[in-house]
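Comments concern the structure below.
The values are calculated or read from the model by the stated rules, or taken from the named source; none is laboratory data. It should be emphasised that the depicted structure is a prediction, and the values quoted were computed from it without experimental measurement. Heads up, the Cβs are rebuilt from the backbone with ideal geometry, glycines too, and the neighbour counts pull from every protein chain shown. Only protein heavy atoms, including side chains, enter the accessible area calculation; ligands, DNA and RNA are left aside. Shrake-Rupley method; radii C 1.70, N 1.55, O 1.52, S 1.80 Å.
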Amino acid sequence: MSHPSINAARLLGRIRTLGSIGRDGEDRLVRLAASDTEKLGRDQFVAWLEGAGLAVAVDRMGNIFGIWRPEGLDDAAPLMLGSHIDTVIDAGIYDGCYGVLAGLEVIETLKAEGFRPSRPVVVAAFTNEEGVRYAPDMMGSLVYAGGLDVDAALASVGTDGTVLGDELARIGYAGDYEPGFLRPQAYLELHIEQGPALERESISIGAVENLQGISWQRVTIDGDANHAGTTPMSMRRDAGHAAARVVTFLRERAVAANTPTVATVGCMRFEPNAINVIPSRATFTVDLRDPDEGRLTQEEAALAAFLDVLAMEERFSVSVERLARFEPVTFDRGIVEHIEAAAGERGLSCKRMTSGAGHDAQMIARIAPAAMIFVPSAGGISHNPKEYTADDDLVAGANILLDVVRRLAAEGETA
């Protein structure tokens, strides 16, 4: 049985074109949210939307929507596809962008076929998914789902001292629509895995059934600065050593546990940051993740208890700031089954899996049935210019998205 397919050359060409936009002087891909380089990417995406004959809408958060609404479907809740086009610093070309461009490609393919959906189909590019310039990550979709006040989000101050709302206005993407103005009937996101499981097991498609909970904290430990040469080890209140103990504690606990828990210290700063001065202050981040809410809570409690012991044993002052906290998400069973069925009909291997990374889908799942499709990532590498997914895998994933959208948007079909 033959299955209609997306235009592979068009999809792959757009991925590479968008991947060339936002390069710095060192040829690094850097499209931080609401920056000049992200504006260039936004402008190109909007041009593609308009070229496809879609209505373009931008909400106050700068979220961009390309809307296919055939005549007579004005009141129907839309089927929404999407992801993001902002990047980390020195990024690869697939993370986020693949899902956005594949969503557009699916709509164009269905339009060319003469397919008439039972509801509007929308492709979305959400603002500040990566959270590199403004915190928290997945901000645009979080606001869209009602999890964060839009005015509070727009007042966010970036790592460079800029204000998100001011920057969106400056680049021309402070829209008029209120976030949430389109409440989806269902949401579907296609993404590279950003992990090694599919490639390792030689599986073509991941039907993502749940997503890990995420806990982000910033820890500050205060000790005493002193001379590195004259202060005996027994008399030191070394904030740097205390920070190292926390890093070791987190790693050893995660490695010893027979669970999927992961723990990462991604940022660390010492003061006064001098080679011959014992650090008086250590500030670092802790990223804890687990697909089970109970275990995630236990890991947070274990870290808090260890910090209490550290403060008491070595007379440190310890403070903790909560940066972000997202509970694990279980995706819609019916959509996951559609993904599995579509893969089977195309003769592609498929497995149900957990996403270890955060995605816009976890936010939109608060307001609509949602699920994700994964395709393999070479070496499990992402957030890195070496990020790579083979063209055949990219096309296969887009065709599964096409098939599932056709089912969900068919007359009378629901998630």
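Placing +1 on the Cβ of every Lys and Arg and -1 on the Cβ of every Asp and Glu, with no other charges, gives segment 37-190 a dipole of roughly 360 debye about its Cα centre. Using only the C-alpha atoms, the convex hull of segment 19-128 corresponds to 91 Å³ per residue.
Bridging of LYS111 to aspartates and glutamates at a Cα separation below 16 Å is possible for GLU50, GLU71, ASP403, GLU411, once same-chain residues fewer than 8 apart are set aside.
Computed FRET efficiency, Cβ-Cβ of ARG183 and ARG269, R0 45 Å: what is it to the nearest 0.05? Could you put the intermediate results ahead of the total?
Details: r = 42 Å, r/R0 = 0.93.
About 0.60, to the nearest 0.05.
As a rough guide to protection, the peptides 3-15, 395-407, 109-121 ranked by mean Cβ packing within 10 Å, highest first, stand as 395-407, 109-121, 3-15. The angle between the Cα long axis of helix 36-51 and the longest principal axis of the Cα atoms of the chain comes to about 10 degrees, rounded to the nearest 10.
What is the calculated FRET efficiency for ASN276 to ALA8, with r their C-beta to C-beta distance and R₀ = 56 Å, to the nearest 0.05?
0.40
Take every Cα pair under 8 Å whose residues are at least 6 apart in sequence, average their separation, divide by the length of segment 200-269, and the relative contact order is 20 percent.
With respect to the chain, whose longest principal axis is taken over its alpha-carbon atoms, helix 333-345 is tilted by about 60°. Kirkwood radius for segment 162-317, taken over all pairs of different Cα atoms as the inverse mean of 1/r, rounds to 19.6 Å. When the chain is treated as a Gaussian network with alpha carbon springs shorter than 10 Å, the biggest mean-square fluctuation among GLU314, GLU193, GLU105 belongs to GLU314.
What size of dipole, in debye to the nearest 20, comes out for the chain about its Cα centre when the only charges are +1 on Lys and Arg C-beta atoms and -1 on Asp and Glu C-beta atoms?
Numbers: 38 positive and 60 negative charges, 87 e Å.
Dipole about the Cα centre, nearest 20: 420 debye.
Most fluctuating residue of GLY294, GLY356, GLY22 in a GNM of the chain with Cα springs under 10 Å: which is it? The residue with the greatest mean-square fluctuation here is GLY294. Placing +1 on each Lys and Arg Cβ and -1 on each Asp and Glu Cβ, with no other charges, gives segment 121-173 a dipole about its Cα centre of roughly 100 debye.
Counting only residues at least eight positions apart within a chain, or on another chain, the lysines with an alpha carbon under 29 Å from that of LYS351 are LYS386. Between segment 114-156 and segment 43-109, the C-alpha centres lie 11 angstrom from each other. Over all pairs of different C-alpha atoms, the chain has a mean inverse distance whose reciprocal, the Kirkwood radius, equals 22.5 Å. As a rough guide to protection, the peptides 178-185, 252-259, 122-129 ranked by mean Cβ packing within 10 Å, highest first, stand as 122-129, 178-185, 252-259.
Computed over the chain with a Gaussian network model linking Cα atoms closer than 10 Å, the most mobile of ASP287, ASP27, ASP391 is ASP27.
Could you work out the relative contact order of segment 1-137, using alpha carbon pairs under 8 angstrom and six or more residues apart, expressed as a whole percent?
On the way: 224 pairs, mean separation 42.8, N = 137.
Computed over segment 1-137, the figure is 31 percent.
Working from label points 7 Å from Cα in the Cα-to-Cβ sense, the GLU26 to ALA55 distance is 4.5 nm. Shape class for segment 75-207: oblate, because the ratio a/c of the largest to smallest gyration tensor axis (alpha-carbon atoms, square roots of eigenvalues) is 1.5 or more and b/c is at least a/b. Taking Cα atoms, how many degrees apart are the long axis of helix 239-256 and the longest axis of the chain, rounded to 10 and kept between 0 and 90? That works out to roughly 50 degrees.
Taking every protein chain into account, the accessible area of the chain amounts to 41 square angstrom per residue (probe 1.4 Å). The mean sequence distance of close C-alpha pairs (under 8 Å, at least 6 residues apart), as a share of the length of the chain, puts its relative contact order at 22 percent.
What residues of segment 248-285 lie in the reach of a label at HIS241, counting those whose backbone N is under 16 Å from a point 7 Å from the Cα along Cα→Cβ? Hits in segment 248-285 for HIS241 at 16 Å: 248-249, 276-282.
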